[in-house]
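Here's the structure, in structure tokens; my notes come after.
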Amino acid sequence: RVRDKIAASRQRGIWMGGLPPLGYDVVERKLVPNPAEAGIVREMFTRFASVPSMATLVRDLRARGVTSKSWTTAKGVERKGKLIDKGYVYKIFKNPVYIGIAAYKGQHYPVQHDPIIDQALWDTVQALLETGTAREKGSSGPRETKAPSLRK
């Protein structure tokens, strides 16, 4: 029953709790864009679309001290953000909540909050990620190993 309730709420586009995505705050169980964080998210998408280098983007964000989402839980526990890394940026780039879509168990539903990113920019970044244009040098295949037991 709980699973069905969560699924029904996600289909209606309602935020079901947990860590809010960078760029949004939770107000009365709804995601509301946080202007400062939303600007950072927009900048990340825009810069990656123009210069698809994940390493350059992350290096710049870390140098400026940009962190992941800092927030206070419903119980009042404060969670501090950590410096952004490549994994976190990939997670942001793959999260459809930024274009106004909720993903739940492989299904996509419209949401009740305002999108931060427009569809054209989203599509550009997704195409770059899929084609591997964003891959770092040398990451296209498996690495060679010196361990004889691991060679084929």
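The values are calculated or read from the model by the stated rules, or taken from the named source; none is laboratory data. On a predicted model such as this, the values are computed, not experimentally measured, just so you know. Ideal geometry is used to build each Cβ from the backbone, glycine not excepted, and the neighbour counts take in all protein chains shown. These area figures cover heavy atoms from the full protein model, side chains too; ligands, DNA and RNA do not enter into them. Shrake-Rupley method; radii C 1.70, N 1.55, O 1.52, S 1.80 Å.
Give the residue that is farthest from Gly132 (Cα to Cα), with candidates limited to residues of segment 45-67 that are within 15 Å of the chain's Cα centre (by Cα) and among the polar types (S, T, N, Q).
Here the answer is Thr67.
When you check Asp25 against the structure, is it open to solvent by 50 Å² or more (accessible area, probe 1.4 Å) and touching a strand residue (DSSP E or B) at 6+ places or on another chain (Cβ under 7 Å), yes or no? Steps first, answer last, please.
Values: open to solvent by 50 Å² or more (accessible area, probe 1.4 Å): yes; touching a strand residue (DSSP E or B) at 6+ places or on another chain (Cβ under 7 Å): yes.
In short, yes.
Six or more apart or on different chains, Cβ atoms under 8 Å: show the pairs whose first residue is in segment 17-34 and of a type in the set (Phe, Trp, Tyr) and whose second is not in a strand (DSSP E or B).
Tyr24/Asn34; Tyr24/Glu37; Tyr24/Ala38; Tyr24/Val97; Tyr24/His113; Tyr24/Ile116
Assuming Thr46 fulfils every condition listed in (1) at pLDDT 90 or above; (2) loosely packed, with under 14 Cβ neighbours inside 10 Å apart from one, which condition is it?
So the condition that Thr46 fails would be (2).
Out of the residues in segment 89-111 meeting the condition of being in contact with a His (Cβ under 9 Å, 6 or more places away or on another chain) and not in a helix (DSSP H, G or I), tell me which one is modelled with the lowest pLDDT.
Ala102
Could you check segment 56-84 and list, in sequence order, the residues that are touching a strand residue (DSSP E or B) at 6+ places or on another chain (Cβ under 7 Å) and either in a loop (DSSP other than H, G, I, E, B) or open to solvent by 70 Å² or more (accessible area, probe 1.4 Å) (or both)?
Those that are touching a strand residue (DSSP E or B) at 6+ places or on another chain (Cβ under 7 Å) and either in a loop (DSSP other than H, G, I, E, B) or open to solvent by 70 Å² or more (accessible area, probe 1.4 Å) (or both): Arg62, Ser70, Thr72, Thr73, Glu78, Arg79, Gly81, Lys82, Leu83, Ile84.
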